[in-house]
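**Q** Questions regarding the structure given below will be posed in turn.
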Amino acid sequence: LWFLAAPAAAGAQSLLPSAGFYFQWGPMVSSDPRFAWNGAMGVNVDLVQYPKGRLTFAADYEAVLSDQLRAFQLNHENFALDGAASYDTRYAGLTVAFHHVSRHLSDQPNPNIVAWNVLDVRATRSVRAGLTTVEGELAYGRVLQHTFVDYSWTSDIRLTVRRPVDDRVALFVGGAGHLVGVEKEKYGRDGQCGARLEAGVRVNGRAVALDIFAGYERRVDGFPTELTRMRAFVFGFRFTKPS
């Protein structure tokens with residue numbers, strides 16, 4: 001995230017110490033014509049910082065567009081809300097979060113409400129080896145409530161490797177994997193898996209960084225009202241915080 005205010009010093013107690021914003025846009029190359037463009041943006045606010053962690057709130061919005069009827073036709077939208085409390089240990093940052101996702105069709109009837117709520121446990125760690133930085137996250141969540149989807153639990157792994165070229169430019173490669181457990185009696189299908197891989201160049205400014213990336217994504221239940229995977233090559237740019 002792009003931090004608009006510097007976080008408070010480690011170990012300090014502070015109210016609303018920092019906030020952030022990101023924006024991402026780019027084309028998608030897929031055999032499904034409904035997936036032609038992708039845009040996303042979000043905010044992240046540290047509500048309270050305490051000596052060993054923070055209370056945070058995040059909101060994310062994603063828009064998927066097609067070129068079927070007209071250029072840049074909004075197809076469907078995904079919303080996510082996240083409230084979390086973290087605790088920093090010697091080896092990793094531990095977080096408990098309540099995560100909500102809802103998905104909506106655009107410019108067409110939506111016969112189903114598509115949404116789910118997850119209680120998540122996450123562990124994050126960042127390691128530096130010389131000039132190279134490796135950031136990782138593991139997460140597991142129990143689905144507390146859902147409509148339309150058959151999810152019973154979710155798990156995620158994320159890994160990003162960054163290496164600077166000079167004071168302003170860095171190279172990065174990253175990936176995320178997703179496993180979703182399902183209630184098999186609902187639709188008669190097995191657990192689902194998805195992944196996203198990307199690589200690119202980061203240009204750091206004083207207050208914001210620009211990522212230019214290319215990658216590949218296999219998305220679980222890509223279209224909100226269809227229980228099928230979506231595959232696409234992805235390209236684009238993203239504004240984020242400097243590294």
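The values are calculated or read from the model by the stated rules, or taken from the named source; none is laboratory data. It should be emphasised that the depicted structure is a prediction, and the values quoted were computed from it without experimental measurement. Neighbour counts are summed over all protein chains in view; Cβ atoms, including those assigned to glycine, are modelled from backbone coordinates with ideal geometry. Just the protein is used for accessible areas: all its heavy atoms, side chains included, with ligands, DNA and RNA removed. Shrake-Rupley method; radii C 1.70, N 1.55, O 1.52, S 1.80 Å.
**Q** Nothing charged except the Cβ atoms of Lys and Arg (+1) and of Asp and Glu (-1): what's the magnitude of the dipole of the chain about its Cα centre? Round to the nearest 20 debye.
**A** The calculated dipole for the chain is roughly 620 debye.
**Q** Let me ask you something else. Please calculate the 1.4 Å probe accessible area of MET41, with all protein chains present, and give it to the nearest 10 Å².
**A** Only protein atoms counted, so the area is about 80 Å².
**Q** Rounded, prolate or oblate: pick one for the stretch 144-243, where a ≥ b ≥ c are the square roots of the eigenvalues of its C-alpha gyration tensor, a/c under 1.5 means rounded, and failing that, prolate if a/b is larger than b/c, else oblate. Don't jump to the answer; show the numbers that get you there.
**A** On the way: a/c = 2.99, a/b = 2.74, b/c = 1.09.
Taking the square roots of the gyration eigenvalues as a ≥ b ≥ c, the stretch 144-243 is prolate.
**Q** Sticking with this one: Roughly how large, in nm² to one decimal, is the mean projection of the convex hull of the alpha-carbon atoms in the chain?
**A** Over all viewing directions, the chain projects a mean Cα-hull area of 13.9 nm².
**Q** Here's another thing I want to ask about it. Taking the chain as a Gaussian network, where each spring joins two C-alpha atoms under 10 Å apart, which residue of ARG189, ARG158, ARG125 fluctuates the most?
**A** The residue that fluctuates most here is ARG189.
**Q** Place a +1 charge on the Cβ of each Lys and Arg in the stretch 15-153 and a -1 charge on the Cβ of each Asp and Glu, then give the dipole magnitude about the Cα centre in debye, rounded to the nearest 20.
**A** Magnitude of the dipole: close to 440 debye.
**Q** Okay, moving on. Pairs of Cα atoms under 8 Å, at least six residues apart: use those to get the relative contact order of the stretch 4-104, whole percent.
**A** 20 percent
**Q** Answer with one residue from VAL96, PRO111, PHE23: the one whose Cα lies farthest towards the positive end of the charge dipole of the stretch 1-141, charges on Cβ with Lys, Arg +1 and Asp, Glu -1.
**A** Selected residue: VAL96.
**Q** Could I ask something else about it? May I ask you to rank SER155, SER243, SER66, SER31 by accessible area, largest first, using a 1.4 Å probe over the protein chains only?
**A** Details: SER155 25, SER243 90, SER66 0, SER31 120 Å².
Most to least solvent-accessible, the answer reads SER31, SER243, SER155, SER66.
**Q** A further question on this structure: Quick check: from the Cα gyration tensor, does the stretch 98-177 come out rounded (a/c under 1.5), prolate or oblate?
**A** On the way: a/c = 4.52, a/b = 2.00, b/c = 2.26.
Since a/c reaches 1.5 but b/c is at least a/b, the shape of the stretch 98-177 is classed as oblate.
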